[in-house]
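A.B. asks: First, the structure itself, so that you have it in front of you.
The values are calculated or read from the model by the stated rules, or taken from the named source; none is laboratory data. As the structure is a prediction and not an experimental result, all values here were calculated from the model. Glycine also receives a Cβ, built like all others from the backbone with ideal geometry; neighbour counts cover every protein chain displayed. Heads up: the accessible areas ignore ligands, DNA and RNA and are worked out on the full protein's heavy atoms, side chains in. Shrake-Rupley method; radii C 1.70, N 1.55, O 1.52, S 1.80 Å.
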Amino acid sequence: MKKIKLKLLGLSYSQSQIGSYVLVLSETKGDRKLPIIIKPVDAQYIALKLEGMETPHPLTQDLFKSFTDALDADVNEIYIHSLIEGIFYAKIMLTNVIDTHEIDCVIGDAISLSLLYKCPIYASSTVMDMAGIYMSDDGEVTEDQQEKNHTERDTKGIVTIEDLEKMLEKAVENEEYEIAKQLKDRIDQLKSV
């Protein structure tokens, strides 16, 4: 699957979801933007990093950095690999002298860590095709971009029942029973249609 390099374009208060913030990522070679709703605590950390400000005490991301420094590890990249029912899923690509590891991560933490480690952010072409919006960096949308945005997106079948069943197996294996129940309910709902 093709990876598309992104950059952090902006952060603002969400008008549609009270108490949340919108993080906007932009293709480095293209004009699609990826708006992502994040939690206030993630937005606060990102805003501090963007402004070059330090916190009076270490936050969770700083603790993570201390662990990786102590273990001689580094975060090489952030990869936004999928979008399922409006939720972005990301991985942290972590390496040490011997191994490379992929660690699942909440999107807000992933972006926070990308700023802390100064590492690149990538998204799968599927994620960008599903959620990317064509517009200029200043928020203007040309007629051509408007037409591209209104073409029907083929989201049906991107996450199949088989995919959900594999996720269910993994959730049960990891003893994440609440997630497993939600996945089972969704599978049952899709099978009944």
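A.B. asks: Conditions: (1) open to solvent by less than 50 Å² (accessible area, probe 1.4 Å); (2) within 23 Å of Ser12 (Cβ to Cβ). Tyr79 meets all but one. Number of the miss?
C.D. replies: Against the list (1) open to solvent by less than 50 Å² (accessible area, probe 1.4 Å); (2) within 23 Å of Ser12 (Cβ to Cβ), Tyr79 comes up short only on (2).
A.B. asks: Condition (residue is modelled with pLDDT under 85, surrounded by fewer than 17 Cβ atoms within 10 Å (Cβ to Cβ) and either assigned to a helix (DSSP H, G or I) or touching a helix residue (DSSP H, G or I) at 6+ places or on another chain (Cβ under 6 Å) (or both)) applied to the range 120-139: is it met by at least one residue? Before the answer, list the steps.
C.D. replies: The first filter runs over the range 120-139 and keeps only residues modelled with pLDDT under 85, leaving 135-139.
Filter once more, so that each one left must be surrounded by fewer than 17 Cβ atoms within 10 Å (Cβ to Cβ): 136-139.
Then keep just the ones that are either assigned to a helix (DSSP H, G or I) or touching a helix residue (DSSP H, G or I) at 6+ places or on another chain (Cβ under 6 Å) (or both); that gives none.
Checked the range 120-139: no residue is modelled with pLDDT under 85, surrounded by fewer than 17 Cβ atoms within 10 Å (Cβ to Cβ) and either assigned to a helix (DSSP H, G or I) or touching a helix residue (DSSP H, G or I) at 6+ places or on another chain (Cβ under 6 Å) (or both).
A.B. asks: For residues in the range 101-150 being more than 15 Å from His81 (Cβ to Cβ) and of a type in the set (Val, Ile, Thr), which is farthest from the chain's Cα centre (by Cα)?
C.D. replies: My answer is Thr142.
A.B. asks: While we're looking at this one, here's another question. Return only the number of the condition from (1) within 14 Å of Tyr122 (Cβ to Cβ); (2) not in a loop (DSSP other than H, G, I, E, B) that Gly30 does not satisfy.
C.D. replies: It is condition (2) that Gly30 fails.
A.B. asks: Identify all residues within the range 1-27 that are part of a strand (DSSP E or B), charged (D, E, K, R) and open to solvent by 90 Å² or more (accessible area, probe 1.4 Å); write none if there are none. Working first, answer last.
C.D. replies: Step one: of the range 1-27, the residues part of a strand (DSSP E or B) are 3-13, 21-27.
Pick out the ones that are also charged (D, E, K, R) and you get 3, 5, 7, 27.
The answer is Lys5, and nothing else.
A.B. asks: Only one of (1) in a helix (DSSP H, G or I); (2) in contact with a strand residue (DSSP E or B) (Cβ under 7 Å, 6 or more places away or on another chain); (3) of a type in the set (Ser, Thr, Tyr) is not met by Ser66, so which one is it?
C.D. replies: (2)
A.B. asks: Would it be correct to say that Leu48 is part of a helix (DSSP H, G or I), open to solvent by less than 80 Å² (accessible area, probe 1.4 Å), farther than 20 Å from Ile4 by Cβ and in contact (Cβ under 8 Å) with a residue 12 or more places away in the chain? Break it down stepwise before answering.
C.D. replies: Numbers: part of a helix (DSSP H, G or I): yes; open to solvent by less than 80 Å² (accessible area, probe 1.4 Å): yes; farther than 20 Å from Ile4 by Cβ: yes; in contact (Cβ under 8 Å) with a residue 12 or more places away in the chain: no.
Against the criterion (part of a helix (DSSP H, G or I), open to solvent by less than 80 Å² (accessible area, probe 1.4 Å), farther than 20 Å from Ile4 by Cβ and in contact (Cβ under 8 Å) with a residue 12 or more places away in the chain), Leu48 does not qualify.
A.B. asks: Restricting the range 156-170 to residues that are at negative phi and at pLDDT below 80, which is least open to solvent (accessible area, probe 1.4 Å)? Explain how you work it out, then say what you get.
C.D. replies: At the first step, the residues of the range 156-170 found to be at negative phi are 156, 158-170.
Pick out the ones that are also at pLDDT below 80 and you get 156, 158-164.
Numbers: Lys156: 181, Ile158: 58, Val159: 47, Thr160: 50, Ile161: 56, Glu162: 126, Asp163: 57, Leu164: 7 Å².
The selected residue is Leu164.
A.B. asks: Return a yes/no flag: does the range 92-99 have any residue that is assigned to a loop (DSSP other than H, G, I, E, B) and modelled with pLDDT of 90 or more. Before you say what the answer is, go through the steps one by one.
C.D. replies: Within the range 92-99, the first condition is being assigned to a loop (DSSP other than H, G, I, E, B), and the residues that meet it are 96-99.
Imposing the further condition that a residue be modelled with pLDDT of 90 or more reduces the set to 99.
Within the range 92-99, one or more residues are assigned to a loop (DSSP other than H, G, I, E, B) and modelled with pLDDT of 90 or more.
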